[in-house]
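Please read the structure below before turning to the comments.
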Amino acid sequence: MLLFIWVLIVAFKRVGKGLQVNKKAPFDRQFLVWTLGSILVGHATTFVSISYFDQTFVFLYLVLACIGSLKILQPAAAPILRRDSTGASTKSTPARRQVPSYQLQPCS
């Protein structure tokens with residue numbers, strides 16, 4: 001039981017961290033993190049009031065897996081040391097790779 005409570009605490013911390021990191025992110029990303037947190041609150045309160053049985057645990061595990069796969073920390077670009085024509089080393093930061101953004105198209 002303590003392990004289950006610890007998993008819920010870690011999941012809530014991860015959702016909170018995800019909301020803090022994504023303050024300036026697009027609305028859909030913020031909404032996704034908020035939605036996962038609200039689903040987790042629903043599961044936590046439901047788990048207290050009724051007992052989960054059979055395949056009901058799958059939905060809880062699915063939400064925990066989605067929270068665990070959230071991309072929260074952006075890796076910092078490490079500086080690259082290069083030598084110029086005089087032999088002195090200079091620092092330059094590599095360009096970040098652009099990730100394509102997929103948007104839903106309205107049905108016609």
Open item on the list: Whether any residue in segment 34-55 is within 19 Å of the chain's Cα centre (by Cα), surrounded by 15 or more Cβ atoms within 10 Å (Cβ to Cβ) and not in a helix (DSSP H, G or I) is what I want to check.
Closed with: no
Task: Pair list, Cβ < 6 Å and 6+ apart or interchain, from segment 1-25 residues that are in a helix (DSSP H, G or I) and surrounded by 15 or more Cβ atoms within 10 Å (Cβ to Cβ) to residues that are of a type in the set (A, V, I, L, M, F, W, C) and modelled with pLDDT under 90 - done: Gly18/Leu70; Gly18/Ile72; Val21/Ile72
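Scanning segment 57-71 for residues that are within 10 Å of the chain's Cα centre (by Cα) and part of a helix (DSSP H, G or I), which turns out farthest from Leu32 (Cα to Cα)? Can you show your working first?
As a first pass, look at segment 57-71 and keep what is within 10 Å of the chain's Cα centre (by Cα): 66-71.
Now narrow it down to the ones that are part of a helix (DSSP H, G or I): 66-68.
Details: Cys66: 10, Ile67: 10, Gly68: 13 Å.
Per the stated criteria, the residue is Gly68.
The values are calculated or read from the model by the stated rules, or taken from the named source; none is laboratory data. Just so it is clear, the structure is predicted and the values come from calculations on it, not from any experiment. All Cβ positions, glycine included, derive from the backbone under ideal geometry; neighbour counts span all protein chains shown.
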